[in-house]
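Engineer: Starting off with a structure, shown below.
FYI, it's all coordinate maths here, none of it is from the lab. Quick caveat: nothing in here was measured; it's all calculated off a predicted structure. All Cβ positions, even for glycine, are placed from backbone atoms using ideal geometry, and neighbour counts span all protein chains on display.
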Amino acid sequence: MIGKKIDVERLDLERMKEKTTENPGILPYGHHSGSALIKPEDKGKITGRAVAAMHSQTDMQMSQIYQQMQLLADQAKKIQARIEVSERIYQASIAFEPLINHHYFLYQKSDGTDFMSMIAPEEWGRKKDFAEFIAEIKLLADHTWDILRENT
């Protein structure tokens, strides 16, 4: 290789020292021509993807929480309905002691009073003692009543 000779006297070694490092792996750029290509990242694109992923994940979690709240609200409505029907049943005329997990039938007489019977509406025959069948019910262990079928 033929070229100019380097004049060592004109070299500024202090300035050249500033352009080198003992740990080239920590430089934010390639330190020689064979180094891997280092491209600056588009921080806006990275942030945009992260925010979109975050929104997607939190939306999914909020949807799950909403479904759980809806389930709890439905359960609360069912309990409230059991309380209401239980209050009506306990105000009705009951000529026997109801047993837990047995089926009974709630009727309304023509004078508007309620009574409970062990006889289903289809079992009464010709002499029915009621004006309207209200519901088939079952006594639960907490002494509330579950409606099994209603007269609609």
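Engineer: Taking the chain as the reference, fit the longest principal axis to its C-alpha atoms, fit the long axis of helix 43-91 to the helix C-alpha atoms, and give the angle between the two in degrees, 0 to 90, nearest 10.
Structural biologist: 10 degrees
Engineer: Taking amide H positions as placed in the peptide plane 1.01 Å from N, state which residues far from Glu132 in sequence (5 or more) or on other chains have amide H under 5 Å from it.
Structural biologist: Gln108
Engineer: Right, something else. Below 8 Å between Cα atoms, with a sequence gap of 6+, how large is the relative contact order for the chain in percent?
Structural biologist: Details: 128 pairs, mean separation 23.3, N = 152.
Computed over the chain, the figure is 15 percent.
Engineer: Okay, moving on. Net charge near Arg49, counting Lys/Arg +1 and Asp/Glu -1 over other residues with Cβ under 12 Å of its Cβ?
Structural biologist: On the way: positive: Lys43, Lys45; negative: Glu41, Asp42.
Here the charged neighbours net out to 0.
Engineer: Can you pull a Stokes-Einstein diffusion coefficient for the chain at 37 °C (0.692 mPa s), Rh from Kirkwood over Cα pairs, as a whole number of µm²/s?
Structural biologist: Numbers: Rh = 24.0 Å.
Result for D is 137 µm²/s.
Engineer: Now for a separate question. Using a Gaussian network model of the chain with C-alpha springs under 10 Å, which one of Asp111, Asp74, Asp12 is most mobile by mean-square fluctuation?
Structural biologist: Top of the fluctuation ranking is Asp12.
Engineer: Then there is this: Determine the sum of side-chain charges near Pro121: Lys and Arg each +1, Asp and Glu each -1, restricted to other residues whose C-beta is under 9 angstrom from that of Pro121. Let's see the in-between values first.
Structural biologist: Working: positive: Lys128; negative: Glu122, Glu123, Glu136.
Taking every Cβ under 9 Å from that of Pro121, the sum is -2.
Engineer: Also: Calculate the length of the line joining the C-alpha centroid of region 37-70 to that of region 85-146, in whole Å.
Structural biologist: That distance is 56 Å.
Engineer: Report, by chain and number, residues whose modeled amide H sits under 5 Å from the one on Arg149, excluding near sequence neighbours (fewer than 5 apart, same chain).
Structural biologist: HN-HN under 5 Å from Arg149: Glu136.
Engineer: OK, next. Please list, ordered by chain and number, the residues whose modelled amide H lies under 5 Å from the amide H of Thr144; skip anything fewer than 5 residues away on the same chain.
Structural biologist: none
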